[in-house]
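Report on the following structure.
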Amino acid sequence: MNLSVLILPGDGIGVEVTREAVKVLRHVAEAGGHKLSLNEGLLGGIAIHRTGTPFPEETRQLALGADATLLGAVGLPEFDNAPPEKRPERGLLGIRKALEVYANLRPVRSYKALIDSSPLKNELVDGTDMIIVRELTGGLYYGTPRGISGTGAEERAVNTMVYTRAEIERVAHMAFQLARKRRRKVTSVDKSNVLENSQLWRRVVTEVAAGYPDVMLDHVLVDNCAMQLVLSPKRFDVVLTENLFGDILSDEGAVLAGSIGMLPSASIGAKRPSGAWTGLYEPVHGSAPDIAGQNKANPLGAIGSVAAMFEYSFGLAEDARRIYGAIEEVLNSGRVTADLKPAGKPAQTSEVGDAVCAALSARAVSA
Ligand code: IPM
Ligand code: MN
């Protein structure tokens, strides 16, 4: 296969985790006899520095032309006080919208080797295996009107939480279809005791569920969901929710996985004529400027995102499984970064990437 991938390292630790993810991408493509063509582009703070805008037109064109895009992270502290439209994060929102990747899949699972890295009791987290399906191109992140106006006591800020039926339907279908490949259970999360927006969400999800009689659906309010996630995480299989709730709940989910550095994500939307998904792949973590450039960051979330790319955008599920297997092997070996609190000296970012590649080579030989 010919695989064309756009690489957007972005800001902070995005650069170093992406470097390791690309190592793995090259390794797996080569082993599978695929022709890989890589382009690199600018997004986020670095794009503001070089071009004056967080999502340059050139990046848009490159992303639209690629089979898949791999992103590190965006965000730099120097923009902390900038208005939303001048911030690196706006670049991320822009590319998500440009690619129309409305479903953000964030798998959360507990690994045996990391069970002690979670602050929660072992028996509580052991066996956790869920996927958060976060709506990604609607809701408060994009709704208008928005803005700050007025002065003094009358100064006011407005954001708008808006969803259309069509936007809810398409992401709900995605969740139910995923559930069919898993334990056939969807938990839809909303705040329908207060928000009209959530009332529509709940009604439409319930209607979509009628087409999937083999999948169980339940509804949980978002505040209760936040509690259930740490009280009984094993009850969840597919968690379906809107943009902001999904952003918040997925960081909480990271506690179950041992570290936010572990979480990969796949953002998918339209299918190409080939049947593969247009996709944007990024770790769930941010740019972590406090540890950037120190070769300390955990690259496994970024590497897991490459696995997701093979699965969803290239339709190469076997290659994805090999990467997940190699990640697990590296975790078992204990050569992990400081966030996972290894018994011995923590491994460096680049050592972890090398270890994943070595585990992949060993598997190829023994297979
Ligand atoms: C995430 C991030 C982003 C989001 C930020 C960086 C805009 O927190 O991907 O979870 O809120 O979507
Ligand atoms: Mn987030």
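The table for this structure:
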read-out	value
Over the stretch 119-257, equivalent-ellipsoid semi-axes from the Cα gyration tensor in Å	29, 20, 11
Gain on full stretching of the segment that runs from Leu36 to Thr206 - 0.36 nm per residue minus C-alpha separation	57.0 nm
Per-peptide average of other Cβ atoms within 10 Å, ordering 68-75, 138-145 highest first	68-75, 138-145
Peptides ranked, highest mean first, by Cβ atoms within 10 Å: ranges 149-157, 17-25, 41-49	17-25, 41-49, 149-157
Beta bridges per DSSP with both ends in the stretch 119-257, % antiparallel, nearest 5	20 percent
Relative frequency of Cα-Cα separations exceeding 25 Å in the chain, percent	54 percent
Cross-link partners of Lys35 among lysines (Cα-Cα below 18 Å; sequence separation of 8 or more within a chain)	Lys23
Cα lying deepest toward the dipole's positive end in the stretch 119-257, options Asn243, Ser192, Gly211, charges on Cβ	Gly211
Filter on Lys112/Lys191; Lys121/Lys341; Lys112/Lys181 - keep pairs with C-alpha separation over 25 Å	Lys112/Lys191
Residue among Met174, Ala254, Tyr142 farthest towards the positive dipole end of the stretch 119-257, charges placed on Cβ	Met174
The chain: antiparallel DSSP beta bridges as a percent of all, rounded to 5	40 percent
Viscosity 1.567 mPa s, temperature 4 °C, Stokes-Einstein D of the stretch 162-236 from Kirkwood C-alpha radius, µm²/s	101 µm²/s
Relative contact order (percent, whole number), the chain, Cα cutoff 8 Å, 6+ residue spacing	21 percent
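Each value in this text was obtained by applying a stated rule to the coordinates, not by laboratory testing. Source: prediction; values computed, not measured. All Cβ positions, glycine included, derive from the backbone under ideal geometry; neighbour counts span all protein chains shown.
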